[in-house]
Amino acid sequence: MKLTWNKNNNNNKKRSREAIASYPNLPFDQQDPSHDDMQLQNQEHAHSQHQDKPSADALDSDFKQLAQSFQAQGNKLAEDGKYREALGKWETALNLMPENAVLLEQKAQVLLELGDAWSALKAATRMDYSW
């Protein structure tokens, strides 16, 4: 299949300025921002600085609750024999709380059940090499 461009007979036709002129006060039309615009920008900047940010403790507790939720879902799936799905939930929980030894131990047990001994060993010794 060959693509060809149709030659336009009206090569001298340029876009009119009417399309641009119908939108006054475009940002690139103004040389200096007006005083009102400067005040508005200053107010927005001040407002953005005073917004309440969640504390680190609140974020940690949210992550911990979310990780516990994923861990509970994984526990339920493992009890039902759905080991791969449980492993996915536990991986998500470990991303939120990587130092959770119980999750690492559960992951190692499930990996042994699935026949992946090397990954089970890595999971079991990830946090404490004495296991």
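The values are calculated or read from the model by the stated rules, or taken from the named source; none is laboratory data. Remember, it's a predicted structure, so these values are computed and weren't measured experimentally. Here the Cβ is made from the backbone with ideal geometry for all residues, glycine too, and neighbour counts use every protein chain on show.
Considering the stretch 102-124 alone, what residues qualify as being surrounded by 15 or more Cβ atoms within 10 Å (Cβ to Cβ) and of a type in the set (V, I, T)?
Selection gives V110 alone.
Within the stretch 106-131, count every residue that is out of contact with any Ser or Thr (no Cβ under 7 Å at 6 or more places or on another chain) and in contact (Cβ under 8 Å) with a residue 24 or more places away in the chain. Before you say what the answer is, go through the steps one by one.
Initially, the stretch 106-131 is screened for residues out of contact with any Ser or Thr (no Cβ under 7 Å at 6 or more places or on another chain), giving 106-110, 112-130.
Next cut, in contact (Cβ under 8 Å) with a residue 24 or more places away in the chain only: 106, 110, 113-114, 127-128.
Adding up the residues that qualify gives 6.
Working only within the stretch 56-103, note down all residues that are among the β-branched types (V, I, T) and modelled with pLDDT of 90 or more.
T92
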